[in-house]
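What follows is one structure encoded as structure tokens, with my remarks underneath.
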Amino acid sequence: MAILDILIYPDPRLHKVAAPVKEVNDEIRQLVRDMAETMYDAPGIGLAATQVDVHKQIIVMDLSEDKNELRVFINPKILSKCGTQQYEEGCLSVPGVYDTVTRAATVTVEALDEHGTPFTLEAEGLLAVCIQHEIDHLLGKVFVEYLSSLKQNRIKNKFKKRQRERA
């Protein structure tokens with residue numbers, strides 16, 4: 001297994017749309033394991049393949065306290081959304097930035113697991129937020145894009161300044 005590099009906002013690769021996985025094979029399962037290890041190491045509760053510069057529709061997440069309930073979503077698709085909720089979100093690609101985002105309160109999602117088996121899940125609360133947040137990554141969208149233009153510009157400028165200081 002390997003710890004993968006996480007892209008940091010405003011890296012343009014975060015805006016690439018991920019392609020569907022054609023076949024869940026050993027290569028995909030290895031990527032899932034590497035993504036899980038990267039997410040746990042970061043530490044975070046969710047990670048989309050886009051964030052590690054692999055533009056395939058793969059998400060891993062684990063909302064458990066003990067970090068022993070890994071969920072894998074391959075080719076996830078939201079079938080329905082219901083209600084609204086506000087949640088303070090953060091992101092491994094936007095470290096140290098947290099803000100409130102309004103999303104659906106309940107979602108029904110269909111996907112494949114790491115064995116290629118299809119499943120459907122109805123999620124609410126933090127799980128619903130996390131699913132929507134990570135699917136956004138697969139669509140090339142970062143959570144800060146839900147914020148006001150002023151906040152987006154402040155965050156973008158802050159991260160560009162950090163990049164210049166590191167260079």
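Observations on the structure shown:
- Odd one out for LEU31 among (1) at pLDDT 95 or above; (2) more than 25 Å from GLY125 (Cβ to Cβ); (3) surrounded by fewer than 19 Cβ atoms within 10 Å (Cβ to Cβ): (3)
- Which listed residue, of ALA48, ALA19, ALA42, is modelled with pLDDT of 95 or more, out of contact with any Cys (no Cβ under 6 Å at 6 or more places or on another chain) and surrounded by 20 or more Cβ atoms within 10 Å (Cβ to Cβ): ALA48
- Meets criteria (touching a Ser or Thr at 6+ places or on another chain (Cβ under 6 Å) and either open to solvent by 10 Å² or more (accessible area, probe 1.4 Å) or assigned to a strand (DSSP E or B) (or both)) for GLU122: yes
- Listed by first and then second residue, the pairs with beta-carbon distance under 7 Å, at least 6 apart or on different chains, first residue in the range 39-50 and in a strand (DSSP E or B), second among the hydroxyl-bearing types (Ser, Thr, Tyr) and open to solvent by less than 70 Å² (accessible area, probe 1.4 Å), are LEU47/THR38.
- Applying the condition of being part of a loop (DSSP other than H, G, I, E, B) and without any contact (Cβ under 8 Å) to a residue 24 or more places away in the chain to the range 1-38 and asking which residue is farthest from ILE155 (Cα to Cα) yields ASN25.
- Residue in the range 101-111 that is over 15 Å from the mean Cα position of the chain (by Cα) and touching a residue at least 40 places away in the same chain (Cβ under 8 Å) present: yes
- A single entry from GLU134, GLU145, GLU88 fulfils the requirement of being open to solvent by 40 Å² or more (accessible area, probe 1.4 Å) and either closer than 30 Å to GLN30 by Cα or free of Cβ contacts under 8 Å to residues at least 12 places away in the same chain (or both): GLU145.
- Filter pass, THR102 being open to solvent by 10 Å² or more (accessible area, probe 1.4 Å) and closer than 18 Å to ILE59 by Cβ: no
- Residue in the range 61-71 that is touching a strand residue (DSSP E or B) at 6+ places or on another chain (Cβ under 7 Å) and open to solvent by 10 Å² or more (accessible area, probe 1.4 Å) present: yes
- Flag for ALA123 being on the phi < 0 side of the Ramachandran plot, of a type outside the set (Asp, Glu), without any contact (Cβ under 8 Å) to a residue 24 or more places away in the chain and touching a helix residue (DSSP H, G or I) at 6+ places or on another chain (Cβ under 8 Å): yes
The values are calculated or read from the model by the stated rules, or taken from the named source; none is laboratory data. What you are looking at is a predicted structure, and each value in this text was computed from that prediction instead of being measured. FYI the Cβ positions are ideal-geometry reconstructions off the backbone, even for glycines, and counts take in every protein chain you see. Note: accessible area is taken over every heavy atom of the protein model, side chains too, but ligands, DNA and RNA are not part of it. Shrake-Rupley method; radii C 1.70, N 1.55, O 1.52, S 1.80 Å.
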